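The values are calculated or read from the model by the stated rules, or taken from the named source; none is laboratory data. All figures in this text were calculated on a predicted structure; none of them were measured in a lab. Neighbour counts run over all protein chains shown; Cβ positions are idealised from the backbone, glycine included.
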């Protein structure tokens, strides 16, 4: 499905009509493991257009998931989701962020807008520096 030719390069700039592709390995087989992975996207309002499981083959119950998610790595919500995935699983392979084939603009509810994520991060930084937590 994917071919990598050449050296690592930065993803193209975000267009607003983007997709990000990943491979994520569940760290272990336990009840709720898949839910924990999917929550990284759901709590940030990111739609998944592809979720396919592939057995790893080294032991029973171990899987990798191929994921296509609406959005670009430069989007605050996607960057936050990728950080959450990395904390959840040390085996996250970033395949790329790129324009969607249909060029359809990705729409989000206001509560998932980039400026909301930036404001929340700034609020937390303020708390850490001793500002009032209003």
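Residue-by-condition table, conditions (1) loosely packed, with under 13 Cβ neighbours inside 10 Å; (2) closer than 15 Å to residue 16 by Cα; (3) more than 14 Å from the chain's Cα centre (by Cα); (4) in contact (Cβ under 8 Å) with a residue 12 or more places away in the chain:
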{"site": "71", "(1), (2), (3), (4)": "no, yes, no, yes"}
{"site": "74", "(1), (2), (3), (4)": "no, yes, no, yes"}
{"site": "79", "(1), (2), (3), (4)": "no, yes, no, no"}
{"site": "82", "(1), (2), (3), (4)": "no, no, no, yes"}
{"site": "89", "(1), (2), (3), (4)": "no, no, no, yes"}
{"site": "95", "(1), (2), (3), (4)": "no, no, no, yes"}
{"site": "99", "(1), (2), (3), (4)": "no, yes, yes, yes"}
{"site": "106", "(1), (2), (3), (4)": "no, yes, yes, yes"}
{"site": "111", "(1), (2), (3), (4)": "yes, no, yes, yes"}
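Within the bounds of the stretch 28-50, is there any residue that is at pLDDT 90 or above, more than 17 Å from residue 108 (Cβ to Cβ), in contact with a strand residue (DSSP E or B) (Cβ under 9 Å, 6 or more places away or on another chain) and not in a helix (DSSP H, G or I)? Yes, some residue in the stretch 28-50 is at pLDDT 90 or above, more than 17 Å from residue 108 (Cβ to Cβ), in contact with a strand residue (DSSP E or B) (Cβ under 9 Å, 6 or more places away or on another chain) and not in a helix (DSSP H, G or I). Determine whether residue 71 is modelled with pLDDT of 95 or more and in contact with a helix residue (DSSP H, G or I) (Cβ under 7 Å, 6 or more places away or on another chain). The answer is yes for residue 71.
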